[in-house]
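The next block holds one structure in the form of structure tokens; read it before the comments.
The values are calculated or read from the model by the stated rules, or taken from the named source; none is laboratory data. The shown structure was predicted, so the numbers you read here are calculated from the model rather than taken from an experiment. Reconstructed Cβ throughout: ideal geometry from the backbone, glycine too, with neighbour counts over all protein chains shown. All accessible areas refer to the heavy atoms of the entire protein, side chains included, with ligands and DNA or RNA removed. Shrake-Rupley method; radii C 1.70, N 1.55, O 1.52, S 1.80 Å.
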Amino acid sequence: MTLGPSADQWAAAVAAVRSAGPDDEIQLICHVNPDGDALGSMLGFGLGLRRLGFTRVRATFPGDFVVPDPYREIPGVDLLVPESDAFAEPRLILVFDVASESRLGALAARVADAPASVVLDHHASNTGFGGVQLVDPRAAATSVVADGLLSRLGVPLDAEIAECLYIALATDTGSFKFDMTTVSVHELAARLIATGIRPGEISRRIFDSKPFGAMKLTGEVIGRAVLEPSAAAGRGMVWTYATLADLERHGQPPYVLDALIDPVRSVAEADVSMVVKQVAPGEWSVSLRSKGAVDVSGVAVSQGGGGHRLAAGFTGYGEASDVVDTVRRLLDEHLN
Ligand code: AMP
Ligand code: MN
Ligand code: MN
């Protein structure tokens, strides 16, 4: 899939939202272990629904109800409820930043059963689940798609909605550093900033603030990184891993490991970078990045995961070394 939503798909999404009455239950859902794009696009859109007069809007995500510290004060956070408090039979479901039903856990069935559902996403690997698909692989973040639907619904941007969409956009573009940082990304950023939000203050809160223990943990995990110059058919791979014991020793929640891929992927000698993060005994969340030579989403999809060409992930099993061995082998297979 390379093209964005068609005019018919946009019209169907607008019709789906307008088919709900002001007192109908509307459930918003984003992916497990939500990041800035998942939460920002979902809550920004949720605030937009409130502005339209919808009174019964809830937002949730599957699994442990952990809202990472940096997002505790994001506008619209009061819309968030644990999975157990999500509407059982909502009139309408909107799904944000979810490439496949596997990222919805038990909530996938609710999407399948809903009278109306709309999926807003930007993953090339999106599987096409849900009622109406608004999937734009060219979009830098799901918040670009959310902005498109809000404007078609006639919701003006205000500072609260803008802060949510800005956090989402800044997260998925690596603070406007990655390749998909196009003219239209900066045009959207300009419209968001024009509402009066403070990009510097937001960036300090979201990206540049962490507990001392998180820094010590990061230092330890980076300290054990391994560079394999001959991996990925000579393009090089750098990888590291972190265990639940590491988290416990430093008193840190799992989400602090998600930022670790950034220093690891900066290693010049490797095209491919990887962080293998333990989520349970024998189970690992794997983050993969490429500087351009390798389509890491191919590796991730072949392991039941997904993502983008240069940023992807999957769930691996066994020992950390088993996961590394698998990726090393798959990279060689994909490249030879
Ligand atoms: P991350 O490394 O967690 O920042 O994820 C990078 C990209 O891969 C994101 O676009 C995720 O949506 C995607 N991704 C990560 N883990 C998975 C997974 N287990 N299944 C599907 N997609 C994933
Ligand atoms: Mn995401
Ligand atoms: Mn995203």
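Here is a check on your reading of the model: is residue 190 within 14 Å of ligand 3 (Cβ to nearest atom), open to solvent by 10 Å² or more (accessible area, probe 1.4 Å) and on the phi < 0 side of the Ramachandran plot?
no
Would you check if there is a residue in the stretch 70-81 being farther than 29 Å from residue 181 by Cβ and surrounded by 23 or more Cβ atoms within 10 Å (Cβ to Cβ)?
Scanning the stretch 70-81, I find no residue that is farther than 29 Å from residue 181 by Cβ and surrounded by 23 or more Cβ atoms within 10 Å (Cβ to Cβ), so the answer is no.
Under 16 Å from residue 224 (Cα atoms), of a type outside the set (A, V, I, L, M) and open to solvent by 10 Å² or more (accessible area, probe 1.4 Å), is that true of residue 241?
Yes; evaluated as a whole, the condition is true for this residue.
Residue by residue through the stretch 144-164, note down the ones that are under 22 Å from residue 180 (Cα atoms) and among the acidic types (Asp, Glu).
Across the stretch 144-164, the qualifying residues are 147, 163.
In this structure, is residue 28 within 16 Å of ligand 1 (Cβ to nearest atom) and surrounded by 24 or more Cβ atoms within 10 Å (Cβ to Cβ)?
Judged against the criteria, residue 28 is not a match.
Does any residue of the stretch 180-191 turn out to be in contact (Cβ under 8 Å) with a residue 24 or more places away in the chain and closer than 22 Å to residue 287 by Cβ?
Yes, the stretch 180-191 contains at least one residue that is in contact (Cβ under 8 Å) with a residue 24 or more places away in the chain and closer than 22 Å to residue 287 by Cβ.
Determine if the stretch 210-219 includes at least one residue that is over 23 Å from residue 274 (Cα atoms), under 19 Å from the mean Cα position of the chain (by Cα) and either of a type in the set (S, T, N, Q) or open to solvent by 70 Å² or more (accessible area, probe 1.4 Å) (or both).
No, every residue in the stretch 210-219 fails to be over 23 Å from residue 274 (Cα atoms), under 19 Å from the mean Cα position of the chain (by Cα) and either of a type in the set (S, T, N, Q) or open to solvent by 70 Å² or more (accessible area, probe 1.4 Å) (or both).
Helices (runs of 4 or more DSSP H) wholly in the stretch 220-328 with at least 1 residues that are outside the structural domain of residue 99 (by TED's automatic domain parsing), free of Cβ contacts under 8 Å to residues at least 12 places away in the same chain and away from ligand 1 (no atom under 16 Å from the Cβ) - which ones?
244-250
Please verify whether residue 136 is within 16 Å of ligand 1 (Cβ to nearest atom), outside the structural domain of residue 262 (by TED's automatic domain parsing), open to solvent by 10 Å² or more (accessible area, probe 1.4 Å) and modelled with pLDDT of 95 or more, treating the condition exactly as stated.
Answer is yes for this residue.
List, please: which pairs have Cβ atoms under 7 Å, are six or more places apart or on different chains, and start with a residue in the stretch 156-177 that is among the acidic types (Asp, Glu) and end with one that is within 14 Å of ligand 3 (Cβ to nearest atom)?
If the second residue must be within 14 Å of ligand 3 (Cβ to nearest atom), the pairs left are 172/37; 172/140; 172/141.
Assuming residue 135 fulfils every condition listed in (1) closer than 22 Å to residue 186 by Cβ; (2) within 16 Å of ligand 3 (Cβ to nearest atom) apart from one, which condition is it?
Here residue 135 clears every test but (1).
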